[in-house]
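Before any comments, here is the structure.
Each reported figure results from applying straightforward, stated rules to the coordinates on display, with no laboratory input. Just so we're clear, the structure is a prediction, and the values are computed from it rather than from any experiment. Reconstructed Cβ throughout: ideal geometry from the backbone, glycine too, with neighbour counts over all protein chains shown.
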Amino acid sequence: MSDLRLLQNFVAVFHSRSFRAAADELGISQSSVTKRIQMLESELGLRLFNRTTRAVEPTDSARELINAAESALQAHNAFQAEAQQLAGGAIGAIRVGAMALAAETLVVKGLARLAQTHPDLEVEVIVGSSDIYKDLITGQCDVAIGDEANFQTSPYAASLRLQPLHKEKLVYVHRSKHPAADTKHKTELLSYPLAVPSRYFNENKLFETLTRHNNPTVQPRYKLNSLSACLTLAAHSDAIALAPHSLMTETATRRPADLSVARFETGVEVSMALVSVAKNAPTPAVRAFGRALIEQS
């Protein structure tokens, strides 16, 4: 198709159900909208709208084509935006929704890499949302770092694109002088209050896996948005925290001396993934962020 204006008019009429409203939205005359819809129908050999004196209703053909039309316009806009940004030497800004378990491991490593490759890119990371996939669909963030277990059960999964990044085992963490530090029984360790990172983790499939591995079942007493807060709580109380194994391994030489990893397996592995809206062409900022994460995962 040689003229994207025909698609713009089609999309505007489809959503407004009115040639006049579409004309106002596009800043052109109503006759121009009518003419362009007629040109598109002629080019496609399809009738797109049923017109009456009271309403404009999309045909079944129009309903089948609307997603493709919107995707074509988004791809065109993304192409123009990237060309302009490349010409200007900048790629803008990005807002990232992240589960707490990823924020202080995969995400910070990715940001460190991004600071080298794209130092002018502005990044805002929002941690601990109750539903990062809903945030994506509603435009609260541009991209998200979630886990595959919850992605598969999300009602928004069909509208999203998932790219696997990194698998991470979780471990139990407690202060070194904890009363259960030398226990040989997991049930004794888990008789102490459990602190988990964020409401998002507590209400999803990952926590269901944890409870299935314990008898009696374990329920968290403390739910914090920050992983660091969970570890700080564990360092200053008898609470047991959950943390990524890599984080505890990397910080073994510099973490507080009173934090130790318990000998017992949690049975929980998190498969972290980069998630974006499927119908949206990735922006240069999203692509740069994704490459940084992949290089660090």
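List of remarks:
- Relative contact order of the range 25-146, pairs being alpha-carbon contacts under 8 Å that are 6 or more residues apart, as %: 22 percent
- Rh (Kirkwood; distinct C-alpha pairs) - the range 1-158, Å: 18.9 Å
- Note on Q74 and H15: the model spin-label points, each 7 Å out from Cα along the C-beta direction, lie 1.1 nm apart.
- Under a 5 Å amide H cut-off, with hydrogens placed 1.01 Å from N, T266 pairs with Y172 among residues at least 5 apart or on other chains.
- Amide H to amide H, with H built 1.01 Å from N, G146 comes under 5 Å of A273, V275, counting only residues 5 or more places away or on other chains.
- Close amide H partners of I126, meaning residues 5 or more places away or on another chain with modelled amide H under 5 Å apart, are V96, G97, A98.
- Contact order normalised by residue count of the range 27-86, Cα under 8 Å, 6+ apart, percent: 17 percent
- FRET efficiency, 1/(1 + (r/R0)^6) with R0 30 Å, evaluated for T187 and D258 via beta carbons: 0.80
- Rounded to the nearest 20 debye, dipole of the chain from Cβ charges on Lys, Arg, Asp, Glu: 280 debye
- At R0 = 25 Å, FRET efficiency that the Cβ-Cβ distance of D24 and E64 yields, to 0.05: 0.40
- Classification of the range 96-181 by its C-alpha gyration tensor yields an oblate form. The axis ratio a/c (a ≥ b ≥ c) is 1.5 or more, and b/c is at least a/b.
- Among (i) 81, 44, 26; (ii) 68, 45, 39; (iii) 93, 46, 35, the entry derived from the coordinates for Cα extents along the principal axes in Å: (i)
- Sequence-distant contacts, meaning Cα pairs under 8 Å at least 6 residues apart, place the relative contact order of the chain at 23 percent.
- ³J(HN,Hα) computed for each position of the range 233-243 - Karplus, 6.51 cos²θ - 1.76 cosθ + 1.60, integer Hz, glycine/proline x: 4, 5, 6, 10, 7, 8, 5, 9, 9, 9, 8
- Highest mean packing comes first when the peptides 96-108, 152-164, 132-144, 21-33 are listed by Cβ atoms within 10 Å, giving 96-108, 132-144, 21-33, 152-164.
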